[in-house]
Structure formats: C-alpha cells, structure tokens
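Taking it in order: structure first as structure tokens, then the write-up.
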C-alpha cells in the first residue's frame, strides 16, 4: 500500500475518532439513571441499598415505615411498625446483609416527647427483632445515622450530644464514644443548624474503624470500633454542612450536603490518617439531597426526599426521586480507556489494510 494511502486512511480515522469523542462524552455525562417514585407525604430523609433484593430502601418523616423502591419506581411498604410512638421519624437506615437485618434510627421531632431508639427488623419478613432505647446524659439528644460492623454491632450518631452510641447484636445499647476530639473545634452559634454535630457515619471493615462527619464544623473523624478513640482526619478542605456518608467498595468515601447541594468524593492512601477531596459535584437545589448510597463498585445514587419541605409543615407532596450521580473526573478516566481501545482498533485497521495491500500486490505479480 502506498505511503500516501496509509496516511490518508490514518487521517480519516483520526477525524472519526475526534468526531465520535464528543457524543460519547456527552452520553456518559447525560445518560444517568433517575427513579421517580410516588408515596403521599413520605418525605424520606434516609436511603439504603439492599444488594440481595436489588432495590433501594427509604425511611419517612411522617410514617412509621420503611419502603422499598424498585428501579422502575415501584413503591412497596417493607416495614410498617405501628407500635412505635405516633409521628416519630425514621432517620438513618442501613442494610446489615450479613445478619439479614435492616437497622433504623427512630427519633421524635419536637414538640413530641423525647424519643431516641434503634430498631432492627428482619430483612425478609419485616418483623421487628428489637427496639433499643438509646441512653442520654442530657435532656436533649438527636439520634441521626447508623452504621453496622460485621459482628452485628450498630453505631448511632447523636448530633446534639456529639457522641456515638453502640447497640450490640442482642439490642443492648450503651454510650460508646465521647471523644474530646468531637468538641475541640469551635462552632459559630449564629450559623444555620449550629446544633447539628456528628451526623453521617460509615464502617470500614478493612481497618475496623468508623468514619464520621460533623455538620457544624465540616470535620471528618476516624473512630476506632473497638475502644471508641477518635482522631481528626486531615483533609484537603473542610466540608460545608456534611450530612450523609457512605463508603464505596473501591475505598472512596462519598459525602453529601443538602445545605450547599454538593457531593464530595474523598480518597486516602494511608488508612484515613489524612485524605483529599478529589471531586466535588454540584447537585440540584430542589429536593434537599440528604443521603447517598453506593450501588455496585462505583455507582452513586442521591436521594431527593424534600425533607426540609416536610419539616416546615408541607403535607401535600407525593413525588420524590432517587438519581444516579456521575463523577466528571471518573468519567474522564473511562473516556481515556475508550480512546485507547479506539486507538488500538485504528492501528489494527491500518495494519490490516497494509497487509491486504501487500497481498494484492503479490497476487498481481503472480497473475502477470
């Protein structure tokens, strides 16, 4: 094959590569999964993923229920516990797959009498396994989020008291960690929700520790799951009103904030002695995104439960949504591999054309 012919084919292929790269990038960015679901006055604050049944679970501000949400947006009531005090809120929830349970933090919002508890339910039947009252040292407490370790222990954050409860597999509750690290950072009392301290929590099985965010300071803490000692994790920037936290299977920590409508992706290469915010994703302001989950290795879903609207007294909403969020930086990495594969294909195509040209020349010589 003549050199100019090879150059011509290469130029055409490079042009096609540039031509298709933009649509591919656009498709990766835009083709996210959005699940719209409808349940009157549900106002869910919490979101969990059940890997066994492959559906989402949500709590409720108004109902004493935990509902399952399919990919098609079909809502089914998994748990309805009418024995709980009326008008309590189902706050943080998590799926304890190893023990076939779903754990739910129960809290009574003022002006209701104080009530803070952890409920455990059988994941298949929905039957309650235990309801554990969470002991408090002060008049006010706000049980918020929950994480579970592989031994069946649950860890619940107290946002007002700035400590962590522990509930063992039998349902026995105790105050687990009141580390001075949780109160060593100053808080401006005039800021919005200055009373919300420890909030989202995740368990890291590889090191047997917890990662906890503090909303009013933006700090991240690493807490030993054995003795409750804590240390402040140095990260590249403080987070603004962090709320929900989840650990992805690849070690990336996801943190969401409904106050500034952000999703942060954090990494650490030294077991969370320190970390870095390597991506910051803007979320929609409508919907008040309070919770994030990881589905599979790297899929991320955020809950738009309009929770603040519900707290302010609105009782008319029926529609809510769960939306897949994609990281532009991680998508760029996917595109690099795509370009590499196309490049290999281009080289192979040019080589094949060259070989075919040589074969044709050889055959022509034989015929002549």
One finds, for residue 38 and residue 269 with R0 = 56 angstrom and r their Cβ-Cβ distance, a FRET efficiency to the nearest 0.05 of 0.80
√(5λ) per eigenvalue of the Cα gyration tensor, the stretch 132-204, largest first, Å = 23, 13, 10
Quick one: Debye curve from the alpha-carbon atoms of the stretch 33-325 only, equal weights, vacuum; give me log10 I(q)/I(0) at q = 0.11 Å⁻¹ to two decimals.
-> -0.57
10 Å-binned pair-distance histogram of the stretch 33-161 (Cα, whole percent) | 13, 47, 32, 8, 0
In nm, to one decimal, how far is the residue 284 label point from the residue 76 one, both placed 7 Å along Cα→Cβ?
-> 2.7 nm
Quote the relative contact order of the stretch 33-325 in percent (integer), defining contacts as alpha-carbon pairs under 8 Å separated by 6+ residues.
-> 14 percent
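Computed from the coordinates by the stated procedures, all read-outs in this text should not be read as laboratory data. Remember, it's a predicted structure, so these values are computed and weren't measured experimentally. Ideal geometry is used to build each Cβ from the backbone, glycine not excepted, and the neighbour counts take in all protein chains shown.
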